[in-house]
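Structure first, then comments.
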Amino acid sequence: MQANEIRTRFIKFFGMRGHREIPKAPLVPPNDPTTLFTSSGMQQLVPFLKGEPHPMGRRLMDSQPCFRSEDIDEVGDNRHITFFEMLGNWSLGDYFKKEQLPWFFEFLTEEIGLKPERLYVTVFEGDAVVPKDEESVTVWKKVLKTNAPARKGADGFEPTIKIYTYGADKNWWSRSGIPANMPPGEIGGPDSEVFYDFQTSHDPKFGRVCHLNCNCGRFVEIGNSVFMQYEKQADDSFKPLPQKNVDFGGGLERIASASQNQPDIFNIDIFTEARKTLEKVVVVSSPESIRAVRIILDHLRAAMFMVSDGFEPANKLQGYVLRRLIRRAALHSKIADIDLDNSINLVIDKLCGSYITVDPNLGENQGRILETIRIEITKFEKTLSQGMKKVLSKVGGGTITGTELFDLYQTYGYPPELVKELAAQKRVMVDGKGFEEAKRQHQETSRTATKGLFKGGLADKSDETVKLHTATHLLHKALREILGNHVRQEGSNITAERLRFDFSHPRKLSGEEIAKVETVVNQKIKEDLPVHRTVEEKDKALKSGALAFFKENYPAMVSVYTIGKDPAKEWFSKEFCGGPHVKSTGGIGGIRIIKEQPVQSGIRRIYAELHS
């Protein structure tokens, strides 16, 4: 069964059982500075799992796009991917194990058509403070129609045994991990996973015996039901919760792998057309080229969704991860001699085509997606030879020093992870600690050099400087309106003569775009919008839409400047800021953009002056 059909059937199946579909969360959480990406479906539901009532009820479901950056270096085998869709259903104090486990089994076998004999399950074996999950064992025995006792997973796989027990490292969930790491007051509970057996041969390099959690690839986990039923106490004991919750997550791509009986996840229908396109331009088929094709497929798919969500390659945060994905795909296309230049248009088209019915934004943004990826690859090709030359010069016993590695990163934008990866292939040593020290010294030098700057980049508090400061807020918003929400302030400097504003954008602005931005700013000045200052709780300000792109360590209460008729309802711009500002935009008079230029890869700079 194809992935799109599985997704549709999942939503229909749980919809018929009283669940309501919640909206997808953005791939990048907008108001959560603690994490770069949405990595699970339950991320947006944490407050409700703790007891807060959800406005859509107690039975919820969704299909959530997710990204896990920690898996980037693992991509290349037949199982690991960074971007994936998580099918999820939740019970917020409603049903529990005796409903959840049979429902998921019914979905897999009757809706998707998986053979029951290929399915095996795991449960929590218990420890010194939390008992074994006997309730799940009892439910599974009835569902799987087995009387065989549960077997310890570490003892190995036996085809006649359907239920296996594992410890807290495999079958327990809390935000802090295993029970011993949980602070008092935190909730958690056992989980039960369902595995599909591809019936492939065990590879002894992964251990003497094969078992459900073995990394040889025979078994793949296709769904996990977490039962949040305990709260940790101050004495390290665990008290049952009055409201027990179910949090289920199942990877769509993995379920599709099982449904299509494809141990290689890159052979499922989502990737098929794009993979065939790449295979046509592979010069020599080899393990190296197969690995490269997988890396390109995964990384370009992830990049596609990030760019569609408004992000651009950069040297920090999500932008850095995006840059690393695109450049790693480009690097492996070169290593494996894959002609990515002449195939990337079709590869992106095929990948977008796999999602066009469920995410129309991909179709609308396809041109920008392709342009962004192409620009980044072109930039990287200019630096690629520098990195390869440095690595090859060390073949035969040399070491790439920390200073050399940092120079490649700082001067050429060459991600250190890629240098290390290339060096490992050529058996060249890399001084990673030296790189961190060189980076620390550079940051210290930068801090010292900027100590004398006024907070917020203002040279003084003259009338002209204050006017231009307010104008930067209008300019920031205008750029986002004209160019897209990927625009982020990267810095500013304001004197009485002019403002300088740095922002993220992958290319030079056209004359028409500059004119449109200037027109928007001057229109808002003409409207004489009032400027309001409020002091708000940081989290509430972020949730209300205030921008805070510097990612500073803001205090709990923050100063917010809002430009608009009503700071609570109708406003044009809202940002964290220390001020000062004009009382209303009419006091600015007008501005004129006098220059637009590059700063570094992915960062542009605008100069503007007052002009009535």
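The values are calculated or read from the model by the stated rules, or taken from the named source; none is laboratory data. Every value quoted in this text rests on a predicted model; they were computed, and no experiment measured them. Don't worry about glycine lacking a Cβ; one is built from the backbone with ideal geometry, like all the others, and counts go over all protein chains shown.
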Residues being of a type in the set (A, V, I, L, M, F, W, C), in contact with a helix residue (DSSP H, G or I) (Cβ under 6 Å, 6 or more places away or on another chain) and under 17 Å from Thr165 (Cβ atoms) - total across region 213-226: 1
Subset of region 477-508 (residues that are over 17 Å from Ala314 (Cβ atoms), in contact (Cβ under 8 Å) with a residue 60 or more places away in the chain and surrounded by 15 or more Cβ atoms within 10 Å (Cβ to Cβ)): Lys477, Arg498, Leu499, Arg500
Filter pass, Ile72 being among the aliphatic types (A, V, I, L, M), within 30 Å of the chain's Cα centre (by Cα), closer than 23 Å to Gly217 by Cα and in a loop (DSSP other than H, G, I, E, B): no
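Does Leu468 meet the test of being outside any strand (DSSP E or B) and more than 25 Å from Lys595 (Cα to Cα)? If you could, list the steps in order and put the result at the bottom.
Numbers: outside any strand (DSSP E or B): yes; more than 25 Å from Lys595 (Cα to Cα): no.
Spelling it out, it is not the case that Leu468 is outside any strand (DSSP E or B) and more than 25 Å from Lys595 (Cα to Cα).
Report yes if Ile603 is over 27 Å from the mean Cα position of the chain (by Cα), surrounded by 14 or more Cβ atoms within 10 Å (Cβ to Cβ) and among the β-branched types (Val, Ile, Thr), otherwise no. I'd like the intermediate steps shown before the answer.
Values: over 27 Å from the mean Cα position of the chain (by Cα): no; surrounded by 14 or more Cβ atoms within 10 Å (Cβ to Cβ): yes; among the β-branched types (Val, Ile, Thr): yes.
No; evaluated as a whole, the condition is false for this residue.
Among the listed residues Asp77, Asp71, identify the single one that is more than 24 Å from Ile187 (Cβ to Cβ), free of Cβ contacts under 8 Å to residues at least 24 places away in the same chain and surrounded by fewer than 19 Cβ atoms within 10 Å (Cβ to Cβ).
Numbers: Asp77 fails: free of Cβ contacts under 8 Å to residues at least 24 places away in the same chain.
Matching residue, one of Asp77, Asp71: Asp71.
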Filter result (farther than 16 Å from Lys389 by Cβ and either among the polar types (S, T, N, Q) or assigned to a helix (DSSP H, G or I) (or both)) within region 425-437: Gly432, Lys433, Gly434, Phe435, Glu436, Glu437
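Restricting attention to region 63-100, report how many residues are among the charged types (D, E, K, R) and at pLDDT 95 or above.
Kept after step one, since they are among the charged types (D, E, K, R), are these residues of region 63-100: 68, 70-71, 73-74, 77, 79, 85, 94, 97-99.
If we keep only those that are at pLDDT 95 or above as well, we get 85, 94, 97-99.
Within region 63-100, residues that are among the charged types (D, E, K, R) and at pLDDT 95 or above number 5.
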Checking Lys455 against (1) at pLDDT below 80; (2) of a type in the set (Lys, Arg); (3) more than 27 Å from Val517 (Cα to Cα), the condition it does not meet: (3)
Leading residue by the ranking (farthest from Arg374 (Cα to Cα)) among those in region 283-326 that are polar (S, T, N, Q) and touching a Leu at 6+ places or on another chain (Cβ under 8 Å): Gln318
Verdict on Val121 being aliphatic (A, V, I, L, M), in contact with a Leu (Cβ under 9 Å, 6 or more places away or on another chain) and closer than 30 Å to Lys142 by Cα: yes
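Please find, among Lys574, Lys524, the residue that is free of Cβ contacts under 8 Å to residues at least 40 places away in the same chain and either assigned to a loop (DSSP other than H, G, I, E, B) or surrounded by 14 or more Cβ atoms within 10 Å (Cβ to Cβ) (or both).
Values: Lys524 fails: free of Cβ contacts under 8 Å to residues at least 40 places away in the same chain.
Just one listed residue meets the conditions, Lys574.
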Entirely in region 328-424, the helices (runs of 4 or more DSSP H) that have 2 or more residues that are at pLDDT below 90: 360-364, 366-392, 402-412
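Here is a yes/no grid of residues against (1) assigned to a helix (DSSP H, G or I); (2) surrounded by fewer than 13 Cβ atoms within 10 Å (Cβ to Cβ); (3) among the hydrophobic types (A, V, I, L, M, F, W, C); (4) not assigned by TED's automatic domain parsing to the domain that holds Arg218:
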residue	(1), (2), (3), (4)
Leu108	yes, no, yes, no
Leu114	no, no, yes, no
Val121	no, no, yes, no
Ala128	no, yes, yes, no
Ser136	yes, no, no, no
Trp140	yes, no, yes, no
Val143	yes, no, yes, no
Asn147	no, yes, no, no
Ala154	yes, no, yes, no
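Can you tell me which residue is modelled with the lowest pLDDT among those in region 461-502 that are touching a Lys or Arg at 6+ places or on another chain (Cβ under 6 Å) and of a type outside the set (Asp, Glu)?
Initial filter on region 461-502 (touching a Lys or Arg at 6+ places or on another chain (Cβ under 6 Å)): 474, 482, 487, 493, 502.
Filter once more, so that each one left must be of a type outside the set (Asp, Glu): 474, 482, 487, 493.
Working: Leu474: 97, Ile482: 95, Val487: 89, Asn493: 82.
Step by step, filter region 461-502, then rank; the result is Asn493.
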Within region 188-239, tally of residues that are more than 25 Å from Leu252 (Cα to Cα) and under 25 Å from the mean Cα position of the chain (by Cα): 0
Of the criteria (1) aliphatic (A, V, I, L, M); (2) surrounded by 19 or more Cβ atoms within 10 Å (Cβ to Cβ); (3) within 30 Å of Arg301 (Cβ to Cβ), which one Val281 fails: (2)
Filter result for the condition that a residue is without any contact (Cβ under 8 Å) to a residue 60 or more places away in the chain and of a type in the set (A, V, I, L, M, F, W, C), over Met86, Met56, Met42: Met56
